[in-house]
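Could you have a look at this structure, given as structure tokens, before my questions?
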Amino acid sequence: MTELNAVVIADDITGANDTGSQFASRGYRTNVVFDPSAPADCDVLVVDTETREAPPTEAYDSVRAVVTAHDAPVLYKKLDSTLRGNVADELTALLDAATPDLLLLAPAFPANGRTTEGGVQLVDGKPVLRTLTDSENLPAASSVVALLSSIPYPVETVHTDVVDAGPEAVRSRLIEIHGHHTEPTVVVADAMSQTHLRSLADAADQLTAGVAYAGSGGLAGALSLSPSGGVEGAVLGVAGSVSETSFEQLAAVPDDALVALDPEAMLERPEEAATSALAPVLDAQRTHGFAIVTSAPSSDAVDAVNRTADALGISEDVVKDRIATALRATVRRVHESRPLTGLFTTGGSTTIAVLDELDAASLDLTGIELAEGVPLTRVRGGPADETLLVTKAGSFGDPTTIVNCLDFIGTR
């Protein structure tokens, strides 16, 4: 039997499939079932209760039955991003049955125009009740907090200013909330972008408190589950591209998973720069299952590298050579310390340098693309033989491409 990593409870089939796809697209074996007691021979079990339009008591009982029937590290209650359905009753059932310390509730789905700001659910910037035309099954309020007024548990909030500040600020806020309550607590979180959802998910994942989740497909896509079979992730990303697209994608990576080489050490003592990067890379892999090392995470960092090169009086060709030396040396040190289970590279010269360092003889194309023009391959030959590798041109992809690629190869 496959070890179950997550249980998702949805109230209709389209939501079940949509949310389940967020996990399946990253390599988790995901099954959608209709019987709460169905056996779970998969990584992610999605149970469709079909309770969107059911009486509240029936919805409560159905969700409670699913929670009672299955045990998994991650429990996720899928909600409609326009807050339709028996939201309060189903969340109460989850809280009663699972009793998590915190229930992180983030119903935003920014890719589809659904955001949460000041605790209010918006569709294309308008409060949700102003956008719905159906007369049945409407939420009682656009405010998520108001919608939960009947829940017999405390409700707290994480507003935009905290989420904007990143995972560590969110984590501090969640710890503060947990410290104020001795019973399960619902935390309603703002989110206007997938980066916000990623910050929420990363912060919750770092807590020692027990956390359950509720939201639409957006938050589901931000969650990082343990790799199948419980194997410790050892995925490494290497970013040498200095395109604006790559910088946007690197901004979506958790701060402590992004390791930038020191400009001065990289240009004067590339091997030393690689040695200094080793510990934070290994720490990030233990925390997130992946890390990404980069020569420059932003245009400001590129300017810093250029200023350092000018001060050292070295040419552009020498700069490129030493950056490549530092990046490839980092890959070698990481692989020697913890054999890699997956690699991601962006930038053609960076990819060639990494493959050369690993003595790769060839690449097998799998025929799978994680995004348009972003193929999944397998290394042949050398110490990283059989390792999965995703390569991406610097200008390809959307802001979440790098994070999604790292997540995907971490689950294979």
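The values are calculated or read from the model by the stated rules, or taken from the named source; none is laboratory data. In this text, all values refer to a predicted model and were calculated from it rather than measured experimentally. Cβ coordinates were reconstructed from backbone atoms using ideal geometry, including for glycine residues, and neighbour counts include every protein chain displayed. Heavy atoms of the whole protein, side chains included, go into the accessibility calculation; ligands, DNA and RNA do not. Shrake-Rupley method; radii C 1.70, N 1.55, O 1.52, S 1.80 Å.
Tell me which of these Ser362 doesn't satisfy, since it passes every other one: (1) surrounded by 13 or more Cβ atoms within 10 Å (Cβ to Cβ); (2) small (Gly, Ala, Ser); (3) over 17 Å from Arg328 (Cα atoms).
Unmet for Ser362, out of (1) surrounded by 13 or more Cβ atoms within 10 Å (Cβ to Cβ); (2) small (Gly, Ala, Ser); (3) over 17 Å from Arg328 (Cα atoms): (1).
Then there's this: Within region 392-400, does at least one residue satisfy the condition of being over 23 Å from the mean Cα position of the chain (by Cα) and open to solvent by 20 Å² or more (accessible area, probe 1.4 Å)?
no
Follow-up. All but one of (1) more than 24 Å from Gly221 (Cα to Cα); (2) touching a Ser or Thr at 6+ places or on another chain (Cβ under 6 Å); (3) open to solvent by less than 70 Å² (accessible area, probe 1.4 Å); (4) not hydrophobic (A, V, I, L, M, F, W, C) hold for Ser246; state the number of the condition that does not hold.
Unmet for Ser246, out of (1) more than 24 Å from Gly221 (Cα to Cα); (2) touching a Ser or Thr at 6+ places or on another chain (Cβ under 6 Å); (3) open to solvent by less than 70 Å² (accessible area, probe 1.4 Å); (4) not hydrophobic (A, V, I, L, M, F, W, C): (1).
Being modelled with pLDDT of 90 or more, open to solvent by 20 Å² or more (accessible area, probe 1.4 Å) and of a type in the set (Gly, Ala, Ser) is the filter here; which residues of region 111-121 pass it?
Hit for region 111-121 is Gly118, nothing else.
Right, something else. With open to solvent by 10 Å² or more (accessible area, probe 1.4 Å), touching a Cys at 6+ places or on another chain (Cβ under 9 Å) and not small (Gly, Ala, Ser) as the only criterion, which of Leu370, Leu340, Leu388 stands out?
After ruling out the rest, the residue left standing is Leu370.
Any residue that is in a helix (DSSP H, G or I), under 18 Å from Val319 (Cβ atoms) and of a type in the set (S, T, N, Q) - is there at least one of those in region 239-256?
yes
Further question on the same structure: Between a first residue in region 59-71 that is under 11 Å from Asp35 (Cβ atoms) and of a type in the set (A, V, I, L, M) and a second residue that is at pLDDT 95 or above and assigned to a loop (DSSP other than H, G, I, E, B), which pairs have beta carbons less than 7 Å apart while being 6 or more apart in sequence or on different chains?
Val66/Thr49
OK, next. On the basis of being closer than 25 Å to Gly210 by Cβ, hydroxyl-bearing (Ser, Thr, Tyr), within 19 Å of the chain's Cα centre (by Cα) and not in a loop (DSSP other than H, G, I, E, B), does Tyr76 make the cut?
Answer is yes for this residue.
Please tell me if Ala239 is more than 26 Å from the chain's Cα centre (by Cα), at pLDDT 90 or above and either open to solvent by less than 30 Å² (accessible area, probe 1.4 Å) or not aromatic (Phe, Trp, Tyr) (or both).
So Ala239 fails the test.
Continuing with this model, one more query. Would a scan of region 42-62 turn up a residue that is acidic (Asp, Glu), open to solvent by less than 60 Å² (accessible area, probe 1.4 Å) and more than 19 Å from the chain's Cα centre (by Cα)?
For region 42-62, residues acidic (Asp, Glu), open to solvent by less than 60 Å² (accessible area, probe 1.4 Å) and more than 19 Å from the chain's Cα centre (by Cα): present.
Considering Arg378, Arg332, which residue is open to solvent by 30 Å² or more (accessible area, probe 1.4 Å), over 20 Å from Phe247 (Cα atoms) and in a helix (DSSP H, G or I)?
Arg332
Taking into account only those residues within region 83-101 that are in contact with a Lys or Arg (Cβ under 7 Å, 6 or more places away or on another chain) and part of a loop (DSSP other than H, G, I, E, B), which is surrounded by the fewest Cβ atoms within 10 Å (Cβ to Cβ)?
Selected residue: Arg84.
Continuing with this model, one more query. Could you list all residues from region 320-329 that are without any contact (Cβ under 8 Å) to a residue 60 or more places away in the chain and either open to solvent by less than 10 Å² (accessible area, probe 1.4 Å) or within 9 Å of Thr275 (Cα to Cα) (or both)?
Selection gives Ala329 alone.
One residue is enough: does region 353-373 have a residue meeting the conditions in contact with a Lys or Arg (Cβ under 6 Å, 6 or more places away or on another chain), free of Cβ contacts under 8 Å to residues at least 24 places away in the same chain and outside any strand (DSSP E or B)?
yes
Output the number of the condition that Ala54 fails; it satisfies all remaining conditions of (1) at pLDDT 95 or above; (2) part of a loop (DSSP other than H, G, I, E, B).
All conditions are met except number (1).
Right, another one. Can you run down the residue pairs with Cβ atoms below 9 Å, 6 or more apart or on separate chains, where the first is in region 12-41 and closer than 13 Å to Lys78 by Cα and open to solvent by 50 Å² or more (accessible area, probe 1.4 Å) and the partner is modelled with pLDDT of 90 or more and part of a loop (DSSP other than H, G, I, E, B)?
These pairs meet every condition: Ile13/Phe34; Ile13/Glu50; Asp18/Ser216.
Here are the criteria: (1) open to solvent by less than 10 Å² (accessible area, probe 1.4 Å); (2) touching a residue at least 60 places away in the same chain (Cβ under 8 Å); (3) more than 21 Å from the chain's Cα centre (by Cα). Tell me which single one Ile409 does not satisfy.
(3)
In addition: Given the structure, is Thr68 open to solvent by less than 10 Å² (accessible area, probe 1.4 Å), among the polar types (S, T, N, Q) and over 20 Å from the mean Cα position of the chain (by Cα)?
No, not satisfied.
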